[in-house]
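A short worksheet on the structure shown next.
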Amino acid sequence: MNDDAMSANLLDAEPALADQALKRAPQDLDELAPSDLRAAVLARYKDLSSLRYDYPLVLSVGGGGADMLRSLSGIVDGLLQQIAPRGIEGERTRQHVLRLEREIRALVAAGNAGSLARVCEMAQTRLLSRAGAAERAELEDSLTRAQAALASGGELIDCNEKTPVAVLKHLWKAVEYDKAQQFHRNIDKIILGLSDILKVDFIKSDEARAPERLKHTVGSAFESAFDFEAMSRVLGGVSRKDALPRKRRERIESVLAVLKSQRFFPSPRTDAKHEGAAKPYGFIFDSCTQALDAFEGRLPEMVELVKAIAIAGLELDNRYRDAAHESFFERFDHSSLRPEDLAFFPSYLVCMRDGDCDAGEQALLVEALVSGLPIKVLLQSDDLLADLSVSRGKFSLGRRGSQLASMAVGLHGAYVLQASNSHLYAIRDRVVRGLLYEGPALFSVYTGADASVDHIPPYLVAAAAMESRAFPAFTYDPAAGPDLASRFCIDANPQAERDWPAYQLEYEDEEHQKISEQLSFTFADFVACDRRYTAHFATLPRSQWTEAAVPLAGLLTENDASTDKIPYVPVVGGNDVLQKLAVDDELIRAARRCAELWRSLQELGGIHNSHAQRLLVKEKELWQQQKEHELAELEARSAQQAKAPTVEQTADAPAELAQTLPEAAAEAPSDEAYIETPRCTTCDECIQINGRMFAYDENKQAYIADLTAGTYRELVEAAESCQVAIIHPGKPRDPNEPNLDELIKRAEPFH
Ligand code: SF4
């Protein structure tokens with residue numbers, strides 16, 4: 001599938017059975033009152049603070065690139081390697097530090113923000129206040145050592161509606177800081193070189209030779225030893241033929257002024273923040289409108305800076321020629337900027353929510369993504385199902401952020417990443433790659449911080465959105481290669497090769513028997529967690545948990561339109577009791593549509609690609625035909641050979657002909673060893689075993705040269721080694737050779 005077809009497929013996919021009138025609406029079933037249900041698979045994650053997972057994250061202050069984002073668990077693991085020896089010796093410290101981690105996680109989940117050091121101190125205080133006298137000293141020792149090591153950690157953030165902006169801004173700043181450092185290293189060298197040129201020229205000037213200036217140069221220690229008036233007169237008489245031409249000096253001064261006053265890269269030197277210094281430009285915006293306006297407004301200064309650097313390079317190499325360069329630089333304007341010139345400047349980071357992205361802003365977003373400009377847009381979605389409504393007789397999946405991301409893939413030139421908050425840490429290197437990409441990038445992130453599912457932690461909601469294919473993860477990296485296979489990737493999704501991820505559900509029935517079922521996590525399971533959509537479900541009473549009640553996923557896969565089955569999704573309420581919810585037709589259609597969109601992504605990602613599968617079938621057919629043809633030819637040849645006269649029948653046939661005929665070999669007495677020489681592939685195996693017993697003929701094909709030169713064992717081993725099974729060991733010649741019974745048995749398959 002080419003890129004052009006791609007966005008159309010994603011946006012226009014229609015449900016295969018959208019118009020089929022499924023009659024499974026659960027009218028006879030109990031209506032479901034809006035309540036805090038959660039998909040059954042989430043039941044085991046009641047208390048996230050007791051689990052070790054990616055969150056909270058630490059916005060690190062060192063390391064660079066993807067290391068700027070670390071997980072608390074990862075930091076604690078590293079710490080334990082340092083302070084807790086392996087085995088029983090370090091077990092107590094390990095337990096203490098893991099308790100500290102759990103406490104930090106609970107504090108962050110309760111809304112305590114700040115640096116790792118600060119929250120760590122709070123956690124330590126809480127743990128010590130709860131500790132008994134017996135363990136207090138040891139606990140304090142472990143925690144103090146841990147706290148010292150954790151003090152250098154950065155800001156802690158949890159998985160919530162603030163996460164995408166915090167992560168993107170943090171990584172963007174790290175990337176841009178590196179770029180600014182590089183800029184200043186280069187510019188400082190250029191400024192120094194140009195200043196030296198001017199300094200040398202100044203030394204030769206009349207101003208530098210004035211008595212007062214000479215006095216200042218020599219210094220007060222030798223002031224009385226010189227007659228500066230006389231010295232000035234003498235030096236003033238020296239010709240200034242080496243002086244810089246005025247035009248060149250002015251050009252260098254103008255270049256220096258541009259370099260020193262640029263506002264794109266803040267100076268790392270604190271002394272540059274002196275009064276009167278122009279404030280550096282900001283590059284973080286709330287909308288594409290602002291970012292594009294800022295870019296337009298700064299364009300003339302960008303042109304001047306690029307021009308100044310180019311002229312400086314020529315001046316430093318003494319290669320600037322008025323005739324060649326003057327008119328070129330006069331004509332140099334914004335149209336002269338190349339993509340690498342634009343990539344040289346800081347990128348523009350736009351952080352917005354999909355709710356703020358109205359039609360006008362969407363148009364500008366598309367403009368930004370096709371512009372080739374280094375604009376990085378974070379499009380955050382908090383409510384994935386807000387637009388889930390019945391329109392044109394079918395469920396619309398809404399998901400503006402997701403649709404824009406899919407559309408952006410079709411624009412070819414933009415880096416696109418879509419991911420849930422829950423997954424942001426795992427793909428942090430891909431986020432950094434998008435920020436480093438020299439063109440535009442779109443980051444579409446779903447937070448899971450949705451008010452209508454606030455009975456479930458945002459981390460789980462975000463993870464459920466990805467698992468249910470409601471918000472699948474993907475990346476499109478135009479710089480990764482020339483084709484879709486290199487550029488498009490969906491490998492971050494769980495069980496990406498399946499329609500829906502499978503999981504094992506274990507529960508107790510009324511008789512307290514453990515039941516284990518394999519189920520799939522579908523789009524409807526995700527919707528079941530949202531209070532707004534309870535009208536699309538009905539409680540399936542226990543009496544109806546019969547064979548007619550089937551997990552929804554089976555029907556979605558089979559496109560089963562029969563009405564005798566009741567599709568259900570398993571959920572639990574606050575009491576953790578398993579319930580089965582029947583699903584209405586509208587939601588079934590929405591789930592099918594979701595699956596179709598997912599399959600389109602799978603195809604783009606090279607999974608179950610219809611073109612590849614069709615090609616495979618075709619190739620298999622061709623291969624089959626070829627094999628049948630070869631077989632037919634072989635059979636025809638065998639039949640022909642069967643009719644040919646045998647060695648005995650052709651008494652006049654030359655002896656060498658008899659040796660080369662396969663039939664001749666086939667008719668060798670079965671109790672004497674022989675080789676079907678014409679079929680030998682010269683693999684050397686038999687020769688390696690015994691080079692006197694086996695030898696090659698003039699065609700480099702093996703035959704038995706001397707049966708007495710080896711043992712029966714060697715014959716059998718050669719037969720076993722022969723890749724085309726043409727060595728027939730016959731019967732043993734020496735009845736006294738050891739282990740003959742075993743060897744005869746091994747020789748049987750070769751008779
Ligand atoms: S092992 Fe078989 S194929 Fe290989 S050289 Fe000997 S006879 Fe030929």
From the set of residues in the range 687-705 that are in a loop (DSSP other than H, G, I, E, B) and not polar (S, T, N, Q), which is nearest to the chain's Cα centre (by Cα)?
Lys700
Name the single residue, out of those in the range 334-370 being touching a Pro at 6+ places or on another chain (Cβ under 9 Å) and not in a helix (DSSP H, G or I), that is farthest from Ile284 (Cα to Cα).
Phe345
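Taking the range 709-745 on its own, how many of its residues are part of a helix (DSSP H, G or I), open to solvent by 50 Å² or more (accessible area, probe 1.4 Å) and within 16 Å of the ligand (Cβ to nearest atom)? Give the derivation first.
Of all residues in the range 709-745, those part of a helix (DSSP H, G or I) come to 709, 712-721, 740-745.
Of the ones still in play, those that are also open to solvent by 50 Å² or more (accessible area, probe 1.4 Å) are 713, 717, 720, 741-742, 744-745.
Subsequent filtering for residues that are within 16 Å of the ligand (Cβ to nearest atom) retains 713, 717, 720.
Result for the range 709-745: 3.
I want to confirm something. Restricting to the range 676-686 and keeping residues that are in a helix (DSSP H, G or I) and within 6 Å of the ligand (Cβ to nearest atom), which single residue is surrounded by the fewest Cβ atoms within 10 Å (Cβ to Cβ)?
Pass one, the range 676-686, residues in a helix (DSSP H, G or I): 677-679, 685-686.
Narrowing the set further to residues that are within 6 Å of the ligand (Cβ to nearest atom) leaves 685-686.
Working: Glu685: 18, Cys686: 26.
So the residue we want is Glu685.
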Starting from residues that are modelled with pLDDT of 95 or more, more than 41 Å from the chain's Cα centre (by Cα) and not β-branched (Val, Ile, Thr), keep the ones in the range 251-300 and report whichever is most open to solvent (accessible area, probe 1.4 Å).
Glu253
From (1) buried (at least 19 other Cβ atoms within 10 Å of the Cβ); (2) at pLDDT 80 or above; (3) at positive phi, pick out the condition that doesn't hold for Arg399.
(2)
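Collect the residues in the range 437-448 that are open to solvent by 10 Å² or more (accessible area, probe 1.4 Å) and at pLDDT 95 or above, keeping them in residue-number order. Steps first, answer last, please.
First, the residues of the range 437-448 that are open to solvent by 10 Å² or more (accessible area, probe 1.4 Å): 437-438.
Scanning the range 437-448 gives a single hit, Tyr437.
What strands (runs of 3 or more DSSP E) completely inside the range 412-511 contain at least 3 residues that are more than 22 Å from Cys357 (Cα to Cα)? Steps first, answer last, please.
Details: elements: 415-420, 441-446, 474-476, 502-508.
It comes to 502-508.
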Just for helices (runs of 4 or more DSSP H) wholly inside the range 69-134: which have at least 1 residues that are farther than 19 Å from Arg52 by Cα, at pLDDT 90 or above and small (Gly, Ala, Ser)?
116-130
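Would you confirm, using the coordinates I've provided, whether Leu79 is in contact (Cβ under 8 Å) with a residue 60 or more places away in the chain and under 29 Å from Tyr177 (Cβ atoms)? Before you say what the answer is, go through the steps one by one.
Working: in contact (Cβ under 8 Å) with a residue 60 or more places away in the chain: yes; under 29 Å from Tyr177 (Cβ atoms): yes.
Taking the combined requirement at face value, the residue satisfies it.
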So Leu519, is it open to solvent by less than 40 Å² (accessible area, probe 1.4 Å) and modelled with pLDDT under 90
no
Within the range 245-268, of all residues that are in contact (Cβ under 8 Å) with a residue 40 or more places away in the chain and hydrophobic (A, V, I, L, M, F, W, C), the one farthest from Phe183 (Cα to Cα) is Ile252
In the range 135-153, residues that are surrounded by 15 or more Cβ atoms within 10 Å (Cβ to Cβ), of a type in the set (Gly, Ala, Ser) and either in a helix (DSSP H, G or I) or touching a His at 6+ places or on another chain (Cβ under 8 Å) (or both) total 3
Considering only the range 688-705, how many residues are open to solvent by 40 Å² or more (accessible area, probe 1.4 Å) and either near the ligand (Cβ under 8 Å from one of its atoms) or of a type in the set (Phe, Trp, Tyr) (or both)?
2
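The values are calculated or read from the model by the stated rules, or taken from the named source; none is laboratory data. Because the structure is a prediction, the values reported are computed rather than measured. For neighbour counting, all protein chains shown are included, and Cβ atoms are generated from backbone atoms with ideal geometry for every residue, glycine included. Surface accessibility is based on the protein's heavy atoms, side chains included, excluding ligands, DNA and RNA. Shrake-Rupley method; radii C 1.70, N 1.55, O 1.52, S 1.80 Å.
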